[in-house]
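Enquirer: Here it is, the structure, as C-alpha coordinates.
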Amino acid sequence: GTMLQSNAVFLSFSEFFKVSKVGAAFFTLGVFLLIILFFKDKIDSVTAVLIPLATAVFFVFILIIIGENIEILIPTVKRIIDGAFRGRALFGGSFCFVNTIALKQGFARGLLSNEAGAGTSSLSGTEKSDDPQLYGVLGILEVFFDTTLICTLVGLAICLTVNNPTEFNTGIDLIYQIYYFFVLFEYH
(Lines give C-alpha, C1' and ligand atoms only; values in the text may rest on other atoms or scores of the structure.)
Protein backbone atom coordinates (compact mmCIF):
# COMPACT_ATOMS: atom_id res chain seq x y z
CA GLY A 1 0.00 0.00 0.00
CA THR A 2 2.76 2.46 0.78
CA MET A 3 4.29 2.06 -2.69
CA LEU A 4 1.06 3.31 -4.26
CA GLN A 5 0.91 6.25 -1.86
CA SER A 6 4.59 7.08 -2.45
CA ASN A 7 4.03 6.93 -6.20
CA ALA A 8 1.09 9.35 -5.88
CA VAL A 9 3.27 11.80 -3.92
CA PHE A 10 6.05 11.45 -6.50
CA LEU A 11 3.72 12.01 -9.48
CA SER A 12 2.06 14.91 -7.74
CA PHE A 13 5.38 16.59 -6.97
CA SER A 14 6.71 15.98 -10.48
CA GLU A 15 3.57 17.32 -12.16
CA PHE A 16 2.98 20.31 -9.87
CA PHE A 17 6.54 21.66 -9.87
CA LYS A 18 7.22 20.63 -13.49
CA VAL A 19 10.48 18.88 -12.65
CA SER A 20 11.91 15.76 -14.21
CA LYS A 21 10.69 12.46 -12.83
CA VAL A 22 14.23 11.52 -11.77
CA GLY A 23 14.63 14.80 -9.87
CA ALA A 24 11.23 14.38 -8.24
CA ALA A 25 12.10 10.81 -7.27
CA PHE A 26 15.35 11.85 -5.60
CA PHE A 27 13.71 14.79 -3.81
CA THR A 28 10.86 12.60 -2.58
CA LEU A 29 13.31 9.92 -1.47
CA GLY A 30 15.35 12.55 0.39
CA VAL A 31 12.32 13.89 2.23
CA PHE A 32 11.20 10.39 3.21
CA LEU A 33 14.70 9.48 4.41
CA LEU A 34 14.94 12.67 6.50
CA ILE A 35 11.60 11.95 8.10
CA ILE A 36 12.45 8.32 8.84
CA LEU A 37 15.96 9.03 10.14
CA PHE A 38 15.32 12.14 12.23
CA PHE A 39 11.61 12.45 12.95
CA LYS A 40 10.21 8.91 13.17
CA ASP A 41 9.29 9.33 16.84
CA LYS A 42 7.26 12.45 15.97
CA ILE A 43 5.33 10.98 13.01
CA ASP A 44 2.33 9.97 15.15
CA SER A 45 1.96 13.35 16.84
CA VAL A 46 2.41 15.33 13.61
CA THR A 47 0.01 13.23 11.56
CA ALA A 48 -2.55 13.31 14.38
CA VAL A 49 -2.79 17.06 13.74
CA LEU A 50 -1.89 17.26 10.06
CA ILE A 51 -4.31 14.66 8.65
CA PRO A 52 -7.50 16.06 10.25
CA LEU A 53 -6.39 19.61 9.37
CA ALA A 54 -5.68 18.67 5.74
CA THR A 55 -9.01 16.83 5.53
CA ALA A 56 -10.88 19.87 6.91
CA VAL A 57 -9.14 22.25 4.47
CA PHE A 58 -9.82 19.86 1.60
CA PHE A 59 -13.47 19.60 2.64
CA VAL A 60 -13.79 23.42 2.73
CA PHE A 61 -12.18 23.74 -0.72
CA ILE A 62 -14.60 21.17 -2.16
CA LEU A 63 -17.54 23.04 -0.60
CA ILE A 64 -16.26 26.29 -2.15
CA ILE A 65 -16.09 24.60 -5.56
CA ILE A 66 -19.64 23.34 -5.12
CA GLY A 67 -20.74 26.81 -3.96
CA GLU A 68 -19.11 28.47 -6.97
CA ASN A 69 -21.04 26.09 -9.24
CA ILE A 70 -24.32 25.97 -7.32
CA GLU A 71 -26.33 26.93 -10.41
CA ILE A 72 -25.26 23.77 -12.23
CA LEU A 73 -25.35 21.45 -9.21
CA ILE A 74 -28.83 19.99 -9.83
CA PRO A 75 -28.26 19.42 -13.59
CA THR A 76 -24.89 17.81 -12.79
CA VAL A 77 -26.40 15.43 -10.22
CA LYS A 78 -29.13 14.54 -12.75
CA ARG A 79 -26.43 13.90 -15.38
CA ILE A 80 -24.57 11.60 -12.96
CA ILE A 81 -27.71 9.63 -12.10
CA ASP A 82 -28.81 9.43 -15.76
CA GLY A 83 -25.35 8.22 -16.78
CA ALA A 84 -25.20 5.64 -14.00
CA PHE A 85 -28.52 4.02 -14.88
CA ARG A 86 -28.39 3.98 -18.67
CA GLY A 87 -28.22 0.68 -20.49
CA ARG A 88 -24.57 1.13 -21.37
CA ALA A 89 -23.60 1.74 -17.73
CA LEU A 90 -25.71 -1.16 -16.50
CA PHE A 91 -24.15 -3.46 -19.10
CA GLY A 92 -20.64 -2.26 -18.22
CA GLY A 93 -21.26 -2.69 -14.50
CA SER A 94 -22.70 -6.15 -14.99
CA PHE A 95 -19.81 -7.19 -17.22
CA CYS A 96 -17.22 -5.94 -14.72
CA PHE A 97 -19.00 -7.60 -11.85
CA VAL A 98 -18.84 -10.94 -13.60
CA ASN A 99 -15.22 -10.39 -14.60
CA THR A 100 -13.14 -11.73 -11.70
CA ILE A 101 -10.05 -9.64 -12.48
CA ALA A 102 -12.06 -6.43 -12.31
CA LEU A 103 -13.68 -7.60 -9.09
CA LYS A 104 -10.30 -8.42 -7.55
CA GLN A 105 -8.91 -5.00 -8.54
CA GLY A 106 -11.99 -3.28 -7.17
CA PHE A 107 -11.54 -4.89 -3.78
CA ALA A 108 -7.81 -4.09 -3.81
CA ARG A 109 -8.47 -0.44 -4.64
CA GLY A 110 -11.20 -0.24 -2.02
CA LEU A 111 -8.82 -1.63 0.56
CA LEU A 112 -6.13 0.89 -0.36
CA SER A 113 -8.65 3.73 -0.56
CA ASN A 114 -9.64 3.51 3.06
CA GLU A 115 -7.05 1.09 4.47
CA ALA A 116 -9.78 -0.92 6.17
CA GLY A 117 -8.36 -4.23 7.24
CA ALA A 118 -4.86 -3.50 5.96
CA GLY A 119 -3.48 -2.65 9.40
CA THR A 120 -1.97 0.58 8.07
CA SER A 121 -4.75 2.91 9.15
CA SER A 122 -3.60 5.53 11.63
CA LEU A 123 -6.67 4.90 13.77
CA SER A 124 -7.03 1.16 13.82
CA GLY A 125 -3.40 0.26 13.25
CA THR A 126 -1.81 1.79 16.35
CA GLU A 127 -4.46 2.19 19.02
CA LYS A 128 -4.54 -0.04 22.05
CA SER A 129 -7.69 0.14 24.10
CA ASP A 130 -9.83 -1.74 26.57
CA ASP A 131 -12.82 -1.07 24.28
CA PRO A 132 -12.16 -2.70 20.90
CA GLN A 133 -15.80 -2.22 19.88
CA LEU A 134 -15.34 1.56 20.03
CA TYR A 135 -12.36 1.36 17.70
CA GLY A 136 -14.30 -0.95 15.41
CA VAL A 137 -17.07 1.64 15.14
CA LEU A 138 -14.49 4.42 14.61
CA GLY A 139 -12.89 2.30 11.88
CA ILE A 140 -16.27 1.99 10.15
CA LEU A 141 -16.76 5.76 10.42
CA GLU A 142 -13.27 6.26 9.00
CA VAL A 143 -14.23 4.20 5.96
CA PHE A 144 -17.52 6.10 5.61
CA PHE A 145 -15.90 9.53 5.72
CA ASP A 146 -13.03 8.63 3.42
CA THR A 147 -14.73 6.46 0.84
CA THR A 148 -18.33 7.60 0.88
CA LEU A 149 -18.21 11.28 1.79
CA ILE A 150 -14.83 12.54 0.56
CA CYS A 151 -14.70 10.42 -2.61
CA THR A 152 -18.28 11.39 -3.50
CA LEU A 153 -17.50 15.08 -3.03
CA VAL A 154 -14.34 14.78 -5.14
CA GLY A 155 -16.35 13.10 -7.90
CA LEU A 156 -18.95 15.85 -7.70
CA ALA A 157 -16.25 18.53 -7.86
CA ILE A 158 -14.77 16.82 -10.92
CA CYS A 159 -18.17 16.71 -12.63
CA LEU A 160 -18.78 20.37 -11.78
CA THR A 161 -15.43 21.67 -13.02
CA VAL A 162 -14.36 19.40 -15.87
CA ASN A 163 -16.29 19.14 -19.12
CA ASN A 164 -14.72 15.89 -20.33
CA PRO A 165 -12.77 13.86 -17.74
CA THR A 166 -11.66 11.35 -20.40
CA GLU A 167 -9.29 13.90 -21.95
CA PHE A 168 -6.90 13.59 -19.00
CA ASN A 169 -4.14 10.98 -19.07
CA THR A 170 -3.85 10.37 -15.33
CA GLY A 171 -5.85 10.91 -12.19
CA ILE A 172 -3.21 13.41 -11.03
CA ASP A 173 -3.87 15.55 -14.14
CA LEU A 174 -7.58 15.45 -13.40
CA ILE A 175 -7.12 16.45 -9.75
CA TYR A 176 -4.85 19.33 -10.80
CA GLN A 177 -7.63 20.54 -13.07
CA ILE A 178 -9.74 20.96 -9.93
CA TYR A 179 -6.82 22.71 -8.22
CA TYR A 180 -6.45 25.12 -11.12
CA PHE A 181 -10.19 25.75 -11.06
CA PHE A 182 -10.01 26.58 -7.39
CA VAL A 183 -6.99 28.85 -7.75
CA LEU A 184 -8.25 30.63 -10.84
CA PHE A 185 -12.02 30.30 -10.16
CA GLU A 186 -12.72 29.59 -13.75
CA TYR A 187 -14.66 26.79 -15.38
CA HIS A 188 -12.68 24.72 -17.90
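Enquirer: Compute, for Lys18, the solvent-accessible surface of its heavy atoms (probe 1.4 Å) with the complete set of protein chains present, and express it in square angstrom to the nearest 10.
Expert: 140
Enquirer: Take Leu29 and Phe168, extend 7 Å from each Cα along the Cα→Cβ direction, and tell me the distance between the two endpoints in nm.
Expert: 2.9
Enquirer: Report the one residue of Ala89, Ile72, Phe16 whose Cα lies farthest in the direction of the positive end of the charge dipole of segment 1-96 (charges on C-beta: Lys and Arg +1, Asp and Glu -1; origin at the Cα centre).
Expert: It is Ala89, whose Cα lies furthest towards the positive end.
Enquirer: I've got another one for you. Within segment 47-90, name every residue whose backbone N is under 19 Å away from a label modeled 7 Å from Cα of Asp131 along the Cβ vector.
Expert: Answer for this model: none.
Enquirer: Keeping all protein chains in place, calculate the accessible area per residue for segment 10-96 (probe 1.4 angstrom), answer in Å².
Expert: Result: 77 Å² per residue.
The values are calculated or read from the model by the stated rules, or taken from the named source; none is laboratory data. Fair warning: this is a prediction, and the values are worked out from it, not measured in the lab. Positions of Cβ are backbone-derived with ideal geometry, glycine not excepted, and every protein chain shown enters the neighbour counts. Accessible surface areas use protein heavy atoms only, side chains included; no ligands, DNA or RNA. Shrake-Rupley method; radii C 1.70, N 1.55, O 1.52, S 1.80 Å.
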